[in-house]
Amino acid sequence: MDQREQAGAAALRREAAVREAARRGLIRDEAPLAGFIDVAGLAEARRGLRAAFAGSRSTVLHTFAAKACSLVPVLRLFAEAGMGCEAASPGELAQALAAGFAPERIVLDSPAKTRTELRTALRLGVAVNADNFEELARIDEILREPGPGAVPGARPPLGLRVNPQVGSGSIGAMSTATEHSKFGVPLRDEGGRERIVAAFERYPWLNRLHLHVGSQGCPLELIARGVREVYELAEEINASAPGRRVTSLDLGGGLPVNFADDRVAPSFAEYAQVLRAHVPGLFDGRYGLVTEFGRSLVAKQGFTLARVEYAKEVGARRVALTHAGAQVATRTVFMPDAWPLRLGAYDPDGVAKRTPTRVQDVAGPLCFAGDLLASGRELPLLESGDLLLLHDTGGYYFTAPWAYNSLPRPAVYGFEPAADGRVRLTLLRPQQTLDQLVAEAGGRPAEPHLTEGEVLPARHPPA
């Protein structure tokens with residue numbers, strides 16, 4: 001199946017999922033917003049990634065960046081498919097372990113790891129990429145600790161993140177290889193290269209280089225230039241010391257996503273082709289390779305469905321008030337030019353609306369004026385009770401909600417084709433209840449008012 005056929009099949013699955021969600025009443029008063037993940041689409045994305053690196057003489061560990069879709073059931077699908085996991089916090093590490101990833105297939109990349117976090121990862125056998133020279137020294141101290149809690153002799157790969165300083169893509173906030181990026185050790189600063197080489201001489205356990213140029217807005221050639229810089233650094237380190245000090249290269253992730261239509265562009269195959277052209281030595285078997293793709297694996301495999309609650313005329317423009325706003329589309333609301341989303345209009349039965357289009361604003365439920373998904377967008381007329389579909393939200397959107405206005409986290413459903421021609425829906429994460437929301441805020445349902453200095457007893461006696 002070529003890319004056009006895959007996109008067409010994915011669109012049919014999505015339309016069927018919208019109809020099934022409407023038929024089952026999943027979008028209603030008590031739950032006016034939900035996220036959906038295409039399980040078959042995830043499998044296609046994984047196959048595309050593996051095929052892109054097939055034929056390489058190098059061993060490749062493809063890890064999924066947990067931050068992009070931190071749902072344990074989704075992580076479990078990647079674990080069961082034989083992939084690894086990239087974690088960037090203690091929470092993501094715990095989620096990865098809960099999903100069934102073996103520790104030796106997990107990479108920890110947090111830029112601000114505590115000693116406890118490092119000690120835990122090292123004792124588990126999780127690979128660690130240090131962000132800076134101070135962290136390398138901290139790891140060395142932990143590895144030297146005596147006693148029953150000491151790190152076992154068989155150690156996981158331990159790396160140093162390098163900032164190749166090759167410049168920014170079109171979205172500065174998504175570019176991590178700029179001159180002043182907060183991530184990694186700068187390669188082009190005065191004396192930077194020499195300090196990195198010296199670190200590999202100082203720490204015999206250090207055996208990996210890590211980089212990440214950025215994600216959305218970063219062209220493939222920019223990413224490849226960063227990889228080339230770090231590859232040449234590895235060659236220099238290995239030439240300056242006996243044996244092979246650098247045995248693996250962690251290339252990070254960051255493949256951009258096309259949010260304009262259903263096409264996957266660029267593809268993993270195109271990315272690997274650019275790497276082969278710029279850095280052919282990557283694939284000759286001398287270095288183990290690690291990838292850390294996230295959004296590019298899941299973004300186009302998910303959508304968000306929200307009910308239109310009201311529609312009104314304001315200043316001669318139609319405004320649709322929906323239940324999807326900055327709480328699930330934070331980047332789109334605050335950076336609409338960098339993160340525009342396609343929107344689809346459906347009637348209450350989940351059938352795509354074919355009525356004439358009209359210029360409309362699409363607003364979210366949050367109490368600030370800028371909570372807009374789209375401004376002046378041509379869409380079929382949105383009316384109360386309609387369903388609004390946010391395309392390509394499988395990465396970061398409904399799985400990383402913003403807590404402004406204390407709206408409950410939405411339910412998330414997985415969907416896949418069923419034998420009867422419809423789709424089968426599976427609950428991946430239930431909607432957060434109001435009691436859970438109150439408890440998370442440090443209270444109990446119907447918490448009485450506290451006067452200053454008053455302390456509540458552990459349990460309230462009955463009234």
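From the P(r) of the range 373-415, could you give the percentage of C-alpha pairs in the tail past 16 Å?
That fraction is 56 percent.
Would you mind checking which residues have amide H under 5 Å from residue 424's amide H? H placed 1.01 Å from N; only 5 or more apart, or other chain.
416, 418
Can you check what the Kirkwood hydrodynamic radius comes to for the range 21-158, Cα pairs only, in Å to one decimal?
For the range 21-158, inverting the mean 1/r across all distinct Cα pairs yields 17.0 Å.
Starting from the 7 Å offset along Cα-to-Cβ, what nm value, one decimal, do you get for the label separation of residue 406 and residue 170?
About 4.1 nm, to one decimal.
Return the long-range amide H neighbours of residue 62 (sequence gap of 5 or more, or a different chain), with a cut-off of under 5 Å between placed amide H atoms.
84, 291
Calculate one ³J(HN,Hα) per residue across the range 155-171 by plugging θ = phi - 60° into the Karplus curve 6.51 cos²θ - 1.76 cosθ + 1.60, and present them in order as whole Hz with x for glycine and proline.
Result, ordered by residue: 9, x, x, 10, x, 10, 7, 10, 8, x, 6, 9, x, 9, x, 6, 10 Hz.
Mean projection of the alpha-carbon convex hull of the range 126-222 over all orientations, in nm²?
That works out to 7.1 nm².
Between Rg and the Kirkwood Rh of the chain, both from Cα atoms, what is the Rg to Rh ratio?
We get a ratio of 1.01 for the chain.
Can you give the FRET efficiency to the nearest 0.05 for residue 194 and residue 273, using r as the Cβ-Cβ distance and R₀ = 30 Å?
Approximately 0.35, to the nearest 0.05.
Just to be sure I understand: if I project the alpha-carbon convex hull of the range 300-440 onto a plane and average over all orientations, what area do I get in nm²?
9.4 nm²
Treat the count of other C-beta atoms within 10 Å as a stand-in for reagent exposure and order 208, 409, 28 from fewest to most.
28, 409, 208
What does the net charge come to around residue 150 if you take all other residues with beta carbon closer than 9 Å to its beta carbon, with K and R at +1 and D and E at -1?
+1
With everything on Cα atoms, drop me the angle between helix 3-23 and the longest principal axis of the chain, reported from 0 to 90° to the nearest 10.
That works out to roughly 40 degrees.
Where does helix 192-202 land angle-wise versus the long Cα axis of the chain, in degrees 0 to 90, nearest 10?
The angle comes out near 70 degrees.
How far apart, in nm, are the 7 Å Cα→Cβ label points at residue 265 and residue 40?
The two pseudo-label positions are separated by 2.4 nm.
So what is log10(I(q)/I(0)) for the range 210-298 at q = 0.12, 0.25 1/Å, when the Debye sum runs over its Cα atoms only?
-0.38, -1.32
Under a straight-distance cross-link criterion of Cα-Cα below 29 Å, which lysines are reachable from residue 113, leaving out those fewer than 8 residues away in the same chain?
Reachable lysines: 67, 182.
Can you sort 126, 74 from fewest to most other Cβ atoms within 10 Å of each residue's own Cβ?
126, 74
Over what distance in Å are the Cα centres of the range 124-165 and the range 60-121 separated?
Centre-to-centre (Cα) distance: 17 Å.
To the nearest 10 degrees, how steep is helix 220-240 against the longest Cα principal axis of the chain, on a 0 to 90 scale?
The angle comes out near 20 degrees.
Quote the relative contact order of the chain in percent (integer), defining contacts as alpha-carbon pairs under 8 Å separated by 6+ residues.
Rounded, it is 18 percent for the chain.
Across the range 138-150, in residue order, what do the Karplus-derived ³J(HN,Hα) couplings come to in whole Hz, using 6.51 cos²θ - 1.76 cosθ + 1.60 with θ = phi - 60° and x for Gly and Pro?
Coupling constants for the range 138-150: 5, 4, 4, 4, 5, 5, 8, 5, x, x, x, x, 5 Hz.
Enumerate the lysines that residue 312 could reach by cross-link, defined here as Cα to Cα under 24 Å, with residues fewer than 8 away along the same chain left out.
Correct list for residue 312: 353.
Going by how many other beta carbons lie within 10 Å of each one, how would you line up 420, 261, fewest first?
Lowest count first: 420, 261.
How large is Rg over Rh for the range 168-327, taking Rg from the Cα atoms and Rh as the Kirkwood inverse mean of 1/r across Cα pairs?
1.14
Every number here is computed from the coordinates shown, using simple stated rules; none is lab data. The structure displayed is predicted, hence computed values, not measured ones. Cβ atoms come from the backbone with ideal geometry, glycine included; neighbour counts cover every protein chain shown.
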